[in-house]
Amino acid sequence: MTVSACFVWFSAPYQARRNESAPVDLDALAGCLSSSACLVTQTTSGLIIGMLLFLVAVGLTLIFGVLKIVNFSHGAFYMFGAYFAMTAYQFTGSFALAMIAGAAGTAVLGLIFERVFMSRVYGADVLMQLLVCYAFVLIFDDVVRLIWGPEFKSMGMPAAFQVMPLFIAGGVVPPYYLLLIGVALVAAIVLGIGLSRSRIGKVIRATAHNPGMVSALGINTGLIYGGVFALGGMLAGLAGALAAPVRSLTPGMGFSVLIESFIVTVIGGMGSIVGALVGALLLGLIRSFGSLGFPLFTEGLMYLFMVIVLVSKPTGLFGKEAA
Amino acid sequence: MTRTRTPGISRRSTLALMGAGAISVAAPWVARAQAKTIKIGMPTILSGRVAQLGTSSRNAVMLEVDKVNAAGGLAGRQIEMVIRDSKGQPQEAARVARELVNTDGCEWLIDGEASSGSFAVHEVARDLGVLCVHTCSEASSLTADPKQHIPNAFRCVRQGIHDSIVGGSYAASISKAKGLKKWATCSPDYAYGRDTTGEFTLYLKRFAPDVEIISESWPKLFQPDYTEVVTKILQAKPQALYSCLWGGDLTSYIDQANIYAMFGQMEVFAVNMADYTALTVVKNLPKGIHSGNRYIKSFPSTPENAAWGDAYKAKYNEYPTNWSWQNATAVMFLSEAAKKANSTDGKKIAEVLKGLTIKCPFGADGTVTMRGDDHTLVGYAIGWGTTIPQEPYVPEVKAGDWKTIFELEAEWKKSKGYI
């Protein structure tokens, strides 16, 4: 008996009702896992989804870890990064400048946003912080609508990447996605080393642990908070800029990414950078292989996985227990 | 003996109040009947993800209304459009439609809503008995289902079933010529995506019975990333792919599939590709995507259609959409009906609209007809062709045969129990 036959009882009612593909196709999944070509293609597909998610989620988790703020408006920085990159690309024709514009523009925006608005609600109730963030989700969407218009836009793939995909062990891997994975990986390594080894990294961690003591030592914690927010915004902006050549740009585009980023941070553990990386990659692979084995339940798989993690380890895979 | 009055409102006062109420309720209608202008209400989507379509509907209506007003108006009355945003929410569309009639004094409605909102506005038209022309909903059942039929509502829109018949027939001919037997589908996971894909494959298999659907993908509406869908389709190795993704979802999908060189590995049939909203946004439009016509100024290939597209672009600095031509056609129908009826009375206009044929830049033979038995638009230009990356984007469109469409539509209606 084939594995799919085991699921006939599950799929039959759906097929009778809607005459569509079965919700579970474990034969396809097993077939893929036994084929190097499929394995390479789907793994890289998962890595691409995961790495972009990581860049957004790591900013979210960093801001939460240091500022203790759940930045609900974080998706807007992803959106601004994409729009800044598209505009820079239109004016300069340079892909590198477009990426820099996306990252730097959102860093500046993050700094201003934190200093002018968020810094005023640090001591406030969580509900107040969420309301301020949500208000800015709407405001930022309207700002984009006013500047760039309500219709969707496309940046277009730079000519350098309009090439045939690479074939690795029979699997298809587009060169642009290799660049995307590489950039995200470098960002992860720099961030990891920077926070654990550098002096500023130690100050940031100290601020997260005991801001009063850091302030008493003569360090400007406001600057640290602003810098962390700018860094988080920059990473989300970089993700948006990297996604701009392959995703359509619309006001509100940050929202769907934000939801998945929250799932990543919950799975990985709020405040944990390694957790964000592992969570994002796991989510990417679930989407990639889930679309083969569970075509009608791919989204559900992500949430199911989150529930399993939360039940077995409520603080997330790499989250620390509250002291 | 003195007569004492019980506390409260006297009979005389009650009568006076009722009289005053009746006058105040009736007054707007009296005023309306005598007004020089005729107000036409239009709920449409002016904010949110598909605001561009609503805006293009409003633009097209205003383009035509200006012409009608310049020519003397409707039976001597100037048109005043009252256009409101429904935000794409059915309950809001119904509320706005009701308010337009009851509060703003609109005598007719042009319903610029997508399918979900159109059914809600349709119920308002049923309730209030106001003349209503639907201009955006492609859901076939809106007029095909006799349960939906009301004498005062018409649909001036292309129909999903018409597109599926023409698309299925066109795809089958390509399929036979190129030996495309293994097909995959990739459409958005909601009613439009499911229904349109189902109808397309139904007619594809009818015209080419040896076709087999080997893979189906149903990404979420407005999904940002399609990588796993693209790679899944590549794994299935189909010879052809059908998709009814649209707007930003379609352009994202094309950008992401492009870097996997997917378009070189299979024939792609994307029914919503040939619309300027998508054609002008995709930077690296692959050559040879098969698409149905949405709005293209080169199809029908007539000076009238090209002139209309250019006039729209000159006024609004962008090309029209599929919703634009449908809304423009609605105003053309209403104008012609008012001329024939020499009146703006909704009931008289509805009577004239039934079976009315008018000259129209978007007609397959230069005319379009409002079919009398189900109050729906027929005879519009409908066809499929292949894309090129620059204007005219779809240089040659193979026109659908309306005789075949009518035959198969009647058969489909029978199968659904509509006739």
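Could you check how many residues of the stretch A:226-259 are at pLDDT 90 or above, within 14 Å of another protein chain (Cβ to nearest Cβ), within 11 Å of the chain's Cα centre (by Cα) and closer than 10 Å to A:GLY75 by Cα?
6
Output yes when any residue across the stretch B:117-134 is open to solvent by less than 10 Å² (accessible area, probe 1.4 Å), among the small types (Gly, Ala, Ser), at pLDDT 95 or above and over 23 Å from B:VAL378 (Cβ atoms), and no when none is.
no
Might you let me know whether the stretch B:115-137 holds any residue that is charged (D, E, K, R), part of a strand (DSSP E or B) and outside the structural domain of B:LEU221 (by TED's automatic domain parsing)?
No: the stretch B:115-137 contains no residue that is charged (D, E, K, R), part of a strand (DSSP E or B) and outside the structural domain of B:LEU221 (by TED's automatic domain parsing).
I'd like to verify a number: residues in the stretch B:240-272 that are closer than 22 Å to A:THR250 by Cβ, within 14 Å of chain A (Cβ to nearest Cβ) and either within 18 Å of the chain's Cα centre (by Cα) or of a type in the set (A, V, I, L, M, F, W, C) (or both), how many?
Result for the stretch B:240-272: 8.
Just give me the residues in the stretch A:160-174 being closer than 30 Å to A:GLN90 by Cα and open to solvent by 30 Å² or more (accessible area, probe 1.4 Å), in sequence order. Lay out the reasoning, then the answer.
Step one: filter the stretch A:160-174 for residues closer than 30 Å to A:GLN90 by Cα, giving A:160-166, A:172-174.
Those that are closer than 30 Å to A:GLN90 by Cα and open to solvent by 30 Å² or more (accessible area, probe 1.4 Å): A:ALA160, A:PHE161, A:GLN162, A:VAL163, A:MET164, A:LEU166.
May I ask you to verify whether A:ALA103 is surrounded by 14 or more Cβ atoms within 10 Å (Cβ to Cβ), modelled with pLDDT of 95 or more and in a helix (DSSP H, G or I)?
Here the answer is yes, as A:ALA103 does meet what is asked.
Assigned to a strand (DSSP E or B) and in the same structural domain as B:LEU53 (by TED's automatic domain parsing): is that true of B:LEU142 in this structure? Please lay out each step first, then the result.
On the way: assigned to a strand (DSSP E or B): no; in the same structural domain as B:LEU53 (by TED's automatic domain parsing): yes.
The answer is no for B:LEU142.
Can you find a residue that is without any contact (Cβ under 8 Å) to a residue 40 or more places away in the chain, over 19 Å from B:ILE349 (Cα atoms) and out of contact with any Asp or Glu (no Cβ under 6 Å at 6 or more places or on another chain) anywhere in the stretch B:76-88?
Within the stretch B:76-88, not a single residue is without any contact (Cβ under 8 Å) to a residue 40 or more places away in the chain, over 19 Å from B:ILE349 (Cα atoms) and out of contact with any Asp or Glu (no Cβ under 6 Å at 6 or more places or on another chain).
Please state which of the following conditions A:LEU131 fails to meet, knowing it meets all the rest: (1) of a type outside the set (Gly, Ala, Ser); (2) in contact (Cβ under 8 Å) with a residue 24 or more places away in the chain; (3) more than 12 Å from chain B (Cβ to nearest Cβ).
So the condition that A:LEU131 fails would be (2).
Show me the strands (runs of 3 or more DSSP E) entirely contained within the stretch B:324-419 in which 2 or more residues are open to solvent by 10 Å² or more (accessible area, probe 1.4 Å) and touching a residue at least 60 places away in the same chain (Cβ under 8 Å).
Those strands (runs of 3 or more DSSP E) span B:397-399.
Got a sec? Which of A:MET157, A:MET86, A:MET79 is within 14 Å of another protein chain (Cβ to nearest Cβ), crowded, with 16+ Cβ neighbours inside 10 Å and not in a helix (DSSP H, G or I)?
None of the other options fit; the residue is A:MET157.
Out of the stretch B:203-215, which residues are open to solvent by 40 Å² or more (accessible area, probe 1.4 Å) and either within 10 Å of chain A (Cβ to nearest Cβ) or basic (Lys, Arg) (or both)?
Across the stretch B:203-215, the qualifying residues are B:LYS205, B:ARG206, B:ILE213, B:ILE214.
When you look at A:ARG199, is it within 14 Å of chain B (Cβ to nearest Cβ) and open to solvent by 10 Å² or more (accessible area, probe 1.4 Å), yes or no? Outline the logic, then answer.
Numbers: within 14 Å of chain B (Cβ to nearest Cβ): no; open to solvent by 10 Å² or more (accessible area, probe 1.4 Å): yes.
For A:ARG199, the condition - within 14 Å of chain B (Cβ to nearest Cβ) and open to solvent by 10 Å² or more (accessible area, probe 1.4 Å) - is not met.
Determine whether the stretch B:221-239 contains at least one residue that is open to solvent by less than 30 Å² (accessible area, probe 1.4 Å) and within 12 Å of B:PHE269 (Cβ to Cβ).
Checking the stretch B:221-239: at least one residue is open to solvent by less than 30 Å² (accessible area, probe 1.4 Å) and within 12 Å of B:PHE269 (Cβ to Cβ).
Identify all residues within the stretch A:290-316 that are hydroxyl-bearing (Ser, Thr, Tyr), open to solvent by less than 80 Å² (accessible area, probe 1.4 Å) and either in contact with a Gly (Cβ under 9 Å, 6 or more places away or on another chain) or away from chain B (no Cβ under 12 Å) (or both); write none if there are none.
Let us first name the residues in the stretch A:290-316 that are hydroxyl-bearing (Ser, Thr, Tyr), namely A:291, A:298, A:303, A:312, A:315.
Narrowing the set further to residues that are open to solvent by less than 80 Å² (accessible area, probe 1.4 Å) leaves A:291, A:298, A:315.
Result: A:THR298, A:THR315.
Here's a check for you: in the stretch B:149-161, which residue that is modelled with pLDDT of 95 or more and not in a loop (DSSP other than H, G, I, E, B) is surrounded by the fewest Cβ atoms within 10 Å (Cβ to Cβ)?
For the stretch B:149-161, the residue satisfying everything is B:ALA153.
The values are calculated or read from the model by the stated rules, or taken from the named source; none is laboratory data. Every value quoted in this text rests on a predicted model; they were computed, and no experiment measured them. Using ideal geometry, Cβ is built from the backbone for each residue, glycine included, and neighbour counts are taken over all protein chains shown. Quick note on the areas: whole protein, heavy atoms, side chains included, nothing else; ligands and nucleic acids left out. Shrake-Rupley method; radii C 1.70, N 1.55, O 1.52, S 1.80 Å.
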